Amino acid sequence: MTREAGETADVLVIGAGMAGLTAAAELQRGGRRVLVLDKGRGVGGRLASRRIGGAAFDHGAQFITARTSRFAALLEDCRRTGAVQEWHRSAGDSSDAHVRWRGHPAMTSVAKHLARGLAVMLETRVVALRLSRHYWSAETETGAVYSAAAVVLTPPVPQSLAILKAGTVPLLPETLARIEGIEFERCLAVMAVLASPSRLAPPGGLAPGDGPISWIADNQLKGISAVPAVTIHAAHAFSLEHWERDRQESGRRLLDAASGWLGAEVRTFQVHGWLYSKPLQVDEHPCAMVGQGPLLVLAGDAFAGPRVEGAALSGWAAAEAVLATAP
């Protein structure tokens with residue numbers, strides 16, 4: 001192709017979560033020059049891990065399962081390289097049970113494995129996407145501009161729509177109606193360091209089913225942390241109600257609710273808020289084609305399913321849509 005003035009890649013991928021990384025890797029395998037832009041300090045998005053002193057936490061996605069052969073092959077590659085390990089099986093030890101994989105040593109390891117060999121620019125927040133005659137220009141909050149003939153946009157749908165609105169990108173009414181109604185659960189995540197092991201039974205994960213807590217995990221039993229440390233995910237209703245309240249107070253409420261499972265003194269804790277934890281609705285298509293000349297595709301777990309696997313499948317679908325166009 002003839003390179004436009006100011007063009008920095010064949011394809012810009014915005015977002016370095018699972019959808020963005022699988023899309024970028026597939027595009028690069030297809031011979032496209034790809035640049036990934038992400039606002040974070042590291043890759044992974046909700047494949048997130050954090051350390052507090054000697055304690056380590058997975059505080060976003062807690063495990064990964066595979067229901068398709070393509071994603072199972074990706075996880076097998078991760079297993080061979082040591083980026084994932086089997087945590088446990090979802091239905092006992094039967095051969096047909098879904099294996100729950102954990103990142104090794106933590107969930108961010110999966111994203112780091114997928115990002116190998118990709119051109120990724122971190123701490124680069126895209127605030128507007130603008131359409132020129134033959135290419136897209138992504139403007140960042142620092143004023144830098146990156147351009148390409150195609151864009152794969154993978155942030156949560158509300159963030160992607162805000163980027164398009166800031167750049168006055170026209171959307172067909174049917175496309176806008178299709179995607180603007182997609183909403184996400186919120187989740188307050190508590191990371192607590194304990195003075196002694198919790199009362200959770202192996203393998204260390206529990207979904208209470210009702211009340212303010214949707215999930216609690218013992219990171220030491222899980223094999224993530226060398227010292228006792230638990231992750232607590234608040235239910236959507238609790239998170240929504242307490243979103244604007246003092247985070248430490250909300251964290252203490254959740255720790256009190258979890259006290260029967262903890263059974264140990266809490267030495268310290270931190271609270272992280274996931275504004276877009278999980279889509280409440282999932283689009284019927286694996287990605288959304290917004291523009292075709294030049295091409296713009298939206299992808300993420302809101303298009304192919306709320307699990308990590310869904311995000312990967314959406315990223316692949318977006319990449320295949322781009323590769324189907326002339327280079």
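Kindly provide the set of residues from the stretch 236-268 that are in contact (Cβ under 8 Å) with a residue 40 or more places away in the chain and part of a loop (DSSP other than H, G, I, E, B), ordered by number.
Answer for the stretch 236-268, where residues must be in contact (Cβ under 8 Å) with a residue 40 or more places away in the chain and part of a loop (DSSP other than H, G, I, E, B): TRP243, ALA258, GLY263, ALA264, GLU265.
Being over 30 Å from ALA326 (Cα atoms), more than 17 Å from the chain's Cα centre (by Cα) and crowded, with 20+ Cβ neighbours inside 10 Å: is that true of TRP87 here?
Taking the combined requirement at face value, the residue satisfies it.
Here is a list of conditions, (1) buried (at least 23 other Cβ atoms within 10 Å of the Cβ); (2) assigned to a loop (DSSP other than H, G, I, E, B), and ALA302 meets all of them except one; can you say which number that is?
If we test ALA302 against (1) buried (at least 23 other Cβ atoms within 10 Å of the Cβ); (2) assigned to a loop (DSSP other than H, G, I, E, B), just (2) comes out false.
Of the conditions (1) in the same structural domain as PRO156 (by TED's automatic domain parsing); (2) crowded, with 20+ Cβ neighbours inside 10 Å, LEU262 satisfies every one except a single condition; which number is it?
Unmet condition: (1).
Hey, can you tell me all the residues within the stretch 215-230 that are under 17 Å from LYS278 (Cα atoms) and buried (at least 22 other Cβ atoms within 10 Å of the Cβ)?
Matches in the stretch 215-230: ILE216 only.
Going by the conditions given, is LEU240 under 23 Å from the mean Cα position of the chain (by Cα), under 30 Å from PRO105 (Cα atoms) and either surrounded by fewer than 16 Cβ atoms within 10 Å (Cβ to Cβ) or of a type in the set (Val, Ile, Thr) (or both)?
no
Among the residues of the stretch 265-281, count how many are surrounded by fewer than 17 Cβ atoms within 10 Å (Cβ to Cβ) and either over 18 Å from ALA217 (Cβ atoms) or not charged (D, E, K, R) (or both). I'd like the intermediate steps shown before the answer.
Taking the stretch 265-281 first, the residues surrounded by fewer than 17 Cβ atoms within 10 Å (Cβ to Cβ) are 265, 267-268, 270, 273, 275, 280-281.
Remaining after also requiring either over 18 Å from ALA217 (Cβ atoms) or not charged (D, E, K, R) (or both): 265, 268, 270, 273, 275, 280-281.
Residues meeting the conditions: 7.
Can you work out which of the residues in the stretch 3-57 that are part of a loop (DSSP other than H, G, I, E, B) and aliphatic (A, V, I, L, M) is surrounded by the most Cβ atoms within 10 Å (Cβ to Cβ)?
ALA16
Is it true that PRO286 is surrounded by fewer than 23 Cβ atoms within 10 Å (Cβ to Cβ), within 19 Å of the chain's Cα centre (by Cα), in contact (Cβ under 8 Å) with a residue 24 or more places away in the chain and not assigned by TED's automatic domain parsing to the domain that holds GLN62? Write out each step before concluding.
Values: surrounded by fewer than 23 Cβ atoms within 10 Å (Cβ to Cβ): yes; within 19 Å of the chain's Cα centre (by Cα): yes; in contact (Cβ under 8 Å) with a residue 24 or more places away in the chain: yes; not assigned by TED's automatic domain parsing to the domain that holds GLN62: yes.
Judged against the criteria, PRO286 is a match.
What's the total number of residues in the stretch 108-149 that are farther than 17 Å from LEU12 by Cβ, surrounded by 20 or more Cβ atoms within 10 Å (Cβ to Cβ) and of a type outside the set (Ser, Thr, Tyr)?
Result for the stretch 108-149: 3.
List the number of the failed condition for THR325; all other conditions in (1) at pLDDT 95 or above; (2) under 24 Å from GLU174 (Cα atoms) hold.
(1)
Can we say ALA326 is touching a strand residue (DSSP E or B) at 6+ places or on another chain (Cβ under 8 Å), farther than 16 Å from GLU183 by Cα and surrounded by fewer than 24 Cβ atoms within 10 Å (Cβ to Cβ)?
It is false that ALA326 is touching a strand residue (DSSP E or B) at 6+ places or on another chain (Cβ under 8 Å), farther than 16 Å from GLU183 by Cα and surrounded by fewer than 24 Cβ atoms within 10 Å (Cβ to Cβ).
List every residue pair whose Cβ atoms lie under 9 Å apart, where the two residues are 6 or more positions apart in sequence or sit on different chains, the first residue falls within the stretch 162-179 and is within 15 Å of SER137 (Cβ to Cβ), and the second residue, located anywhere, is among the hydroxyl-bearing types (Ser, Thr, Tyr) and crowded, with 17+ Cβ neighbours inside 10 Å.
GLY167/SER137
Among ALA72, ALA56, ALA115, ALA61, which is out of contact with any strand residue (DSSP E or B) (no Cβ under 7 Å at 6 or more places or on another chain) and assigned by TED's automatic domain parsing to the domain that holds ALA217?
Result: ALA61 is the single residue among ALA72, ALA56, ALA115, ALA61 that is out of contact with any strand residue (DSSP E or B) (no Cβ under 7 Å at 6 or more places or on another chain) and assigned by TED's automatic domain parsing to the domain that holds ALA217.
The values are calculated or read from the model by the stated rules, or taken from the named source; none is laboratory data. Here the structure is a predicted model, which is why all the values come from computation and not from measurement. Cβ coordinates were reconstructed from backbone atoms using ideal geometry, including for glycine residues, and neighbour counts include every protein chain displayed.
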